[in-house]
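Only the coordinates and a few stated rules stand behind these numbers; no lab work does. As the structure is a computational prediction, the values presented were derived from the model and not from experiment. Neighbour counts are summed over all protein chains in view; Cβ atoms, including those assigned to glycine, are modelled from backbone coordinates with ideal geometry.
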Amino acid sequence: MIGKKYMTLSKFISILVIFVCSIMSYGNSYAVEFEECSKFIGKNKTKYSKCLEYSFREAVAQSKFSKISHWLGSRSDDDLNGPYEYLSLLMCSSSTNENGDTMGKEGDKPFKAENSAQIIKVTDQLLSLGASFDSMPHFSLVTPLFCAVNRQNSQVLEHVLTQIKATTKDLDGSLYEGSISEFVPLYRAVINNDLASAKVLLKHGATTEFSIWEGATALNAALKKNHVEIANWLLDEGAVVQPRYDCSEKSSLGYALAIPANIDGRGAIVARIRALMKSVSVGVEC
């Protein structure tokens, strides 16, 4: 009986050791450096491509942009299959939970200011190889342009918009992002309460009044999110207050009145919008 128990425990420990080792082996096989992918050259083109893609993705997640830049500068002509895919990996990586599941919108993890110069360098390298901020990769529903806005780094965004010579058409909606207001660049910057990026967007041609749906303007988005400072800035830039267009939404004044009383500047923004609403039609009666 004792022997049977001992063998059972011994078997359990053996299985546990094998299981743990297999997990470690699995992790090591994927946590690769760019140079490790060379083992697939001439043997398996698909694995080689996936290895490079994973190495790139991991380097972005760990903010090792200098490593990416070095690889891009020393790669062979066969290393980069579809530079637009790598640009999307750079711009559109999302935050993940403890299980590794993607959370939030693409590119919702802000670029740190101290990494701006390296990110700009990698971006320029990819653009020189033919990458585009208009191209939608197979793994994403948005373009790198939207993600560049969502990264909340005005220095990188300024460089990107300058490099691609962005126009109002580029910034008021985007090629593949459908008819959801949250994918309009200025609207997204406002939701993020990212005033610096919002200023960059207006500088390059975005307009305060663009909306996918009636009333879904950047100003109303700011008011809904209680972002009083950016709402005042939008009004300074000529944003127009909106009436109620349907019973599921509010007018600009309605959104302002819904701002909690403890939010700084709430009284002033309500008074300002109330005064501006005097020249606006009442809208839908509900």
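Table for the structure above
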quantity: Long-range HN-HN contacts of Arg244 with modeled amide H, under 5 Å; calculated: Ser251, Val284
quantity: Ranking of Ile41, Ile120, Ile68 by count of other Cβ atoms within 10 Å, fewest first; calculated: Ile41, Ile120, Ile68
quantity: Order of Cys247, Cys37 under a 10 Å beta carbon neighbour criterion, fewest first; calculated: Cys247, Cys37
quantity: Links that overshoot a 25 Å alpha carbon limit, given the list Lys121/Lys224; Lys67/Lys165; Lys47/Lys112; Lys121/Lys199; calculated: Lys121/Lys224; Lys67/Lys165; Lys47/Lys112
quantity: Extension gain, Glu209 back to Glu36 (0.36 nm per residue minus Cα-Cα distance, nm); calculated: 57.2 nm
quantity: Gyration tensor verdict on the range 208-281 (Cα atoms; rounded if a/c is under 1.5, prolate if a/b is larger than b/c, oblate otherwise); calculated: rounded
quantity: Ascending count of other beta-carbon atoms within 10 Å, so fewest first, for Glu58, Glu158; calculated: Glu58, Glu158
quantity: Loop sites in the range 190-286: GluC sites (Glu not before Pro), DSSP, at most 10 other Cβ within 10 Å; calculated: Glu285
quantity: Candidates per trypsin sites (Lys or Arg not before Pro) in the range 198-283, loop by DSSP, up to 10 other Cβ within 10 Å; calculated: Lys278
